[in-house]
């Protein structure tokens, strides 16, 4: 009969940003594990952590540590001493597939004025066909009793105005489009 530890996967890949780090974990007795990263030196980890807990406390190479983490849609967000790090932990096969995914191009928002927050449009200071210079006030949005001047991020001619004074806007809503 095989022990439960014999069926536990040992080879993993941790993806940090666009870097893949092969990790081998050999789980021993009493919550002790030997962890090898990128085929380097083995590190000793002793912990009583159980799946479902969002605080990992233990001793790594003889030094105590504590790391908070949260589940994300894809991976985990680790926090330690004010530093946050997003990590994806997967099998080597899934890591290979993940590495082949094309990177999603960022949307071109240079010709848009987007509401940075939910609020109420107090005034619209431009009209269709008007030439607007970068940094010029386009409208005023009130949020939490504060009026915020929304400025053009680029020079252009106003092509469309999607809101008017008195309208409520959501965060990231397109208010003005340039030609």
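What translational diffusion coefficient, to the nearest whole µm²/s, does the chain have by Stokes-Einstein, given a Kirkwood radius computed over alpha-carbon pairs, a temperature of 4 °C and 1.567 mPa s viscosity? So the translational diffusion coefficient is about 62 µm²/s. Percent of Cα pairs in region 55-95 per distance bin of 10 Å, from zero to the largest separation: 26, 45, 27, 3. Which of the three applies to region 104-156, rounded, prolate or oblate, going by the alpha-carbon gyration tensor with a ≥ b ≥ c and a/c under 1.5 meaning rounded? The shape class here is oblate.
Across the chain, C-alpha contacts under 8 Å between residues 6 or more apart give a mean separation that, scaled by the residue count, equals a relative contact order of 15 percent. When both region 44-66 and region 113-179 are represented by their alpha-carbon centers, they are found 50 Å apart. Using a cutoff of 8 angstrom between alpha carbon atoms and counting only pairs six or more residues apart, the relative contact order for region 9-100 works out to 23 percent. With R₀ fixed at 30 Å, the C-beta to C-beta distance from residue 146 to residue 83 puts the FRET efficiency at about 0.45.
On the beta carbon distance between residue 91 and residue 171, with R0 = 45 Å, the FRET formula returns roughly 0.75. Once the convex hull of all Cα atoms in region 9-100 is built, its volume per residue stands at 109 Å³.
Taken together, the values in this text are just the output of simple stated rules run on the coordinates, not laboratory data. Because the structure is a prediction, the values reported are computed rather than measured. Neighbour counts are summed over all protein chains in view; Cβ atoms, including those assigned to glycine, are modelled from backbone coordinates with ideal geometry.
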